[in-house]
Amino acid sequence: VQLQASGGGLVQAGGSLRLSCATSGRTFNIDIMGWFRQAPGKEREFVAAISRSSGSTYYADSVMGRFTISRDNAKNTVYVQMNSLKPEDTAVYYCAARYGLQYSTNPNRYGYWGQGTQVTVSS
């Protein structure tokens with residue numbers, strides 16, 4: 001399974017970005033797709049997750065109401081629309097995938113990772 005994240009960039013506070021994560025390879029047993037982020041000097045933290053089969057979504061409290069995760073199964077792509085961005089959202093964002101139907105906020109439960117894309121929010 002390969003994951004390719006894209007869409008990061010520099011944006012002013014209050015702005016928006018959309019990240020994409022394209023998956024390829026043997027994805028038929030992959031159900032949960034997640035986004036994580038890691039700021040300098042901090043641990044990797046959960047942002048959002050989605051079930052590819054049911055479309056159920058899960059969010060960290062810090063992004064609830066501002067970020068929206070979605071998927072396009074025909075394109076094997078997962079998105080996260082990020083609105084009302086804040087300087088504290090600045091981080092490298094990673095997409096991840098795991099087998100099974102149970103989502104997790106623990107990055108160690110995800111076996112596949114994309115390369116990361118930088119999001120910088122200026123104040």
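For the stretch 12-48, filtering for residues that are under 13 Å from residue 89 (Cα atoms) and of a type in the set (Ser, Thr, Tyr) leaves 1.
Among residues of the stretch 20-48 that are farther than 18 Å from residue 66 by Cβ and open to solvent by 70 Å² or more (accessible area, probe 1.4 Å), those with a beta-carbon under 7 Å from a residue that is of a type in the set (A, V, I, L, M, F, W, C) and at pLDDT 95 or above at least six positions away or on a different chain give the pairs 44/36. Do you know which residues across the stretch 69-118 are of a type in the set (A, V, I, L, M) and open to solvent by 60 Å² or more (accessible area, probe 1.4 Å)? The answer is 74, 101.
Counted as qualifying within the stretch 30-123 are the strands (runs of 3 or more DSSP E) with 1 or more residues that are modelled with pLDDT of 95 or more, of a type in the set (Val, Ile, Thr) and closer than 18 Å to residue 7 by Cα, namely 45-51, 67-72, 77-82, 91-99, 117-122.
The values are calculated or read from the model by the stated rules, or taken from the named source; none is laboratory data. Owing to the predicted nature of the structure, the values given are computational and were not obtained by experimental measurement. A quick note on method: Cβ atoms are made from the backbone with ideal geometry, for glycine too, and the neighbour counts reach across all protein chains shown. For the accessible areas, the whole protein counts, side chains as well, though only heavy atoms, and no ligand, DNA or RNA atoms are used. Shrake-Rupley method; radii C 1.70, N 1.55, O 1.52, S 1.80 Å.
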